[in-house]
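> Dropping the structure in here first, questions after.
What follows is calculated from the coordinates using simple rules that are stated; it is not laboratory data. Worth saying up front: this structure is predicted, and the values here are computed from it rather than measured. FYI the Cβ positions are ideal-geometry reconstructions off the backbone, even for glycines, and counts take in every protein chain you see.
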Amino acid sequence: MLWLYGKWNNLSLPGSNGYIEHLSSNSMDFSISRLLFLPFIPQPASDYNTIYTTLLCALENAKHYGHDVCIVTFDQPLYIKAREIVAATPEGSDLSKIVLRLAGFHLLSSFLEQLVILCKEVVSKRCFP
């Protein structure tokens, strides 16, 4: 849209591809990178103790890097259990500083599931008053 406005306003701009390339160019040097291995917890993933340990490890990493809030992403079955653990902690505790996120695929599938339920309710009310 911005490119179209510039062309309409007779500004000297490169073609749309060149304009997008110019916008997305970054002067940061990405030549130095490193691979890190995250800690591995050799326990069943769906166990409450394992999820609690994972939350504590994530919180310790956040503290180590000076973050006040820790954001952790889980898939749906683990998210529900992690939500229960965080909700059961007293307000003001370290675990209450954790923000839980539902992974993208599961977030989308939950949304679509609710949409299907809503559509079924609408259809049943129209067909069977």
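> With θ set to phi - 60° and the Karplus curve 6.51 cos²θ - 1.76 cosθ + 1.60, what are the ³J(HN,Hα) couplings of the stretch 69-76 in order, to the nearest whole Hz, using x for Gly and Pro?
Here the 3J(HN,Hα) series is 10, 10, 10, 10, 10, 10, 7, 4 Hz.
> Take GLU121 and GLU91, extend 7 Å from each Cα along the Cα→Cβ direction, and tell me the distance between the two endpoints in nm.
So the two model labels end up 3.0 nm from each other.
> Still on this structure, please answer the following. From the Cα gyration tensor of the stretch 64-129, with a ≥ b ≥ c the square roots of its eigenvalues, which class applies: rounded if a/c is under 1.5, or else prolate if a/b is larger than b/c, or else oblate?
In terms of gyration-tensor shape, prolate.
> Also: Would you mind getting me the FRET efficiency between GLU84 and SER109? Use the beta-carbon distance for r and R0 = 22 Å, nearest 0.05.
0.60
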